[in-house]
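Structure record follows, encoded as structure tokens.
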Amino acid sequence: MTTRRVVVIGAGVAGLAAALRVRERDPAAEVSVLEAAARAGGTVATERTDGFLIETGADSVITEKPWALALATRHGFAERLIGTSEGERRTYVVHAGRLHALPDGFLMLAPTALWPLATSSLFTLRGKLRMGLDLVLPRGRFRGDESLASFVRRRLGREALERVADPLVGGIYSANPERLSLAASMPRFLDLERKHRSVILGLRVGASAAARQGAGARYGLFASHRDGMGAFVDEMVRRLPPGALRLRTRVDVLAHEGGRWQVLADGTPVGADAVIVGIPAYAAARLLAPLDTALARELEAIDYASAATVTLGYRQADVRAGLRGFGFVVPHVEGRPLIACTYSSRKYAGRAPEGFELLRAYVGGTRRPELVERSDDDLVQTVRGELRALAAITAEPVLTRVARQRRAMPQYAVGHLERVAAIERRLDAWPALQLAGAAYRGVGIPDCIRSGETAADAVLDALASPR
């Protein structure tokens, strides 16, 4: 039987997951992963310095989405994953220049427990009553995609949007909720309204079912690798066949000739039966334009945002009084330069040496893109000023790091899923060609793993089809 060859372009999480799935389903298949950069992982990377563990990209996976945990289990490294630390597993929200605890039971957009909401200092009485109206409001009229902001205002009111949904969900996507597609970013809430009418009632039903099943019991809502998410990537790389990953290898041309794919990588031709393109949509557009200009136009239309992270290490004695919970988020209406700040050493074990704390702040996104271009010193001083005002941290940090992720976060604008469907229809014309990555149906690490695995399944099924 002829050995099938699959070429994966891009060694981000989606590309690595695609390569692993090809080998899982067809151990005899020859897999080549071509990556232009000097390392695998894309935006996911971990630096270790003087006992500090610094994440330059994602620091965790959400456990409600099972694909990352499932991959770790299948490939034998689930035991190296850790859940969030014990203690005050709470997020704070900045309001009127002060930190207020997010009420217990608040799930991204809406509350599930009414007493914590009633006693919260984050909302006015009017805002609380408006959220409670969700319990009696009728279902909305479904007339196509809706922005996340429109949905939250309609179901839960302005305060729920400005003080919770905007900083929590908008922060995940580095996005403006007024433009963010609900169906593409938070389809669960759309389904809750359709099925249960009330979002709050639907969330309470779901929370009860999850509790009965023990969902997330081991890790909580989030999990990470004990050695950082860069180590999660390393685990994936180690499970590839020897020689499968080729770094510093840029793909210049992709062509389909004589029933096979031809990849030109740094001037060297590589033949393939199937190709999975796991690079950002704008890069995929340039590569695919000679094949299909309409497909390239759809890919190019997916916007991307840039962001920067500023990581600061402190002596524990200098910041102990100012750190509560796992960190805080900053609503856009506050007019501050920060998007959020995570207390990394409070969230996960092993992120700072004994006697020290590690904090990571986020700036930029679609609303403040100019911040990403400021100098490292300017960004550090900006973040220090915010920490001084919000968390009373005045000490000099013992460590500073600035990381920039330019054009790294795809923006799921209203109508995004229609665009993705159009892209998938164009792909139908090309045998054994698939796209994978954060640009399409989810931005988190579990979503990217699912995307890569789905792409691998599709090309293998195409190769097995008589067509």
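The values are calculated or read from the model by the stated rules, or taken from the named source; none is laboratory data. Values in this document were obtained by computation on a predicted structure and should not be read as measured data. Because the Cβ atoms are built from the backbone with ideal geometry, glycine has one as well, and the counts that use them run over all protein chains shown.
Okay, residues lined up against (1) in the same structural domain as A272 (by TED's automatic domain parsing); (2) in contact (Cβ under 8 Å) with a residue 24 or more places away in the chain; (3) aliphatic (A, V, I, L, M):
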{"residue": "G12", "(1), (2), (3)": "yes, yes, no"}
{"residue": "A17", "(1), (2), (3)": "yes, yes, yes"}
{"residue": "R21", "(1), (2), (3)": "yes, yes, no"}
{"residue": "A28", "(1), (2), (3)": "yes, yes, yes"}
{"residue": "V33", "(1), (2), (3)": "yes, yes, yes"}
{"residue": "I54", "(1), (2), (3)": "no, yes, yes"}
{"residue": "D59", "(1), (2), (3)": "no, yes, no"}
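Restricting to region 378-389, count the residues that are under 27 Å from the mean Cα position of the chain (by Cα) and either basic (K, R) or at pLDDT below 95 (or both).
Here the count works out to 1.
Which members of region 311-326 meet the condition of being under 20 Å from V93 (Cα atoms) and either part of a loop (DSSP other than H, G, I, E, B) or without any contact (Cβ under 8 Å) to a residue 60 or more places away in the chain (or both)?
Residues satisfying the conditions are R320, L323, R324, G325, F326.
Name, by its number, the condition in (1) in a loop (DSSP other than H, G, I, E, B); (2) more than 30 Å from R80 (Cβ to Cβ); (3) at pLDDT 95 or above that does not hold for E159.
Among (1) in a loop (DSSP other than H, G, I, E, B); (2) more than 30 Å from R80 (Cβ to Cβ); (3) at pLDDT 95 or above, E159 violates only (1).
Looking at R260, R238, which is the one that is assigned by TED's automatic domain parsing to the domain that holds I449 and more than 30 Å from A352 (Cα to Cα)? Full working, then the answer.
Numbers: R238 fails: more than 30 Å from A352 (Cα to Cα).
None of the other options fit; the residue is R260.
Six or more apart or on different chains, Cβ under 6 Å: which pairs go from a residue in region 116-132 that's among the basic types (K, R) to one that's modelled with pLDDT of 95 or more? Could you list them?
Pairs found: R130/G157.
If you scan region 158-172, which residues turn out to be surrounded by fewer than 24 Cβ atoms within 10 Å (Cβ to Cβ) and within 18 Å of M409 (Cβ to Cβ)?
L168, V169, G171, I172
In region 353-401, what residues are farther than 21 Å from A45 by Cα and among the β-branched types (V, I, T)?
T366, T382, V383, I393, T394, V398
Identify all residues within region 164-180 that are in contact with a helix residue (DSSP H, G or I) (Cβ under 6 Å, 6 or more places away or on another chain) and of a type in the set (D, E, K, R); write none if there are none.
Correct list: D166, E178.
Would a scan of region 269-278 turn up a residue that is surrounded by fewer than 17 Cβ atoms within 10 Å (Cβ to Cβ), of a type outside the set (A, V, I, L, M), over 18 Å from the mean Cα position of the chain (by Cα) and assigned by TED's automatic domain parsing to the domain that holds I393? Talk me through it step by step, then tell me what you get.
Within region 269-278, the first condition is being surrounded by fewer than 17 Cβ atoms within 10 Å (Cβ to Cβ), and the residues that meet it are 269, 271.
Retained after the next criterion (residues that are of a type outside the set (A, V, I, L, M)): 269, 271.
Filter once more, keeping what is over 18 Å from the mean Cα position of the chain (by Cα): 269, 271.
Among the residues that remain, those that are also assigned by TED's automatic domain parsing to the domain that holds I393 are: none.
No.
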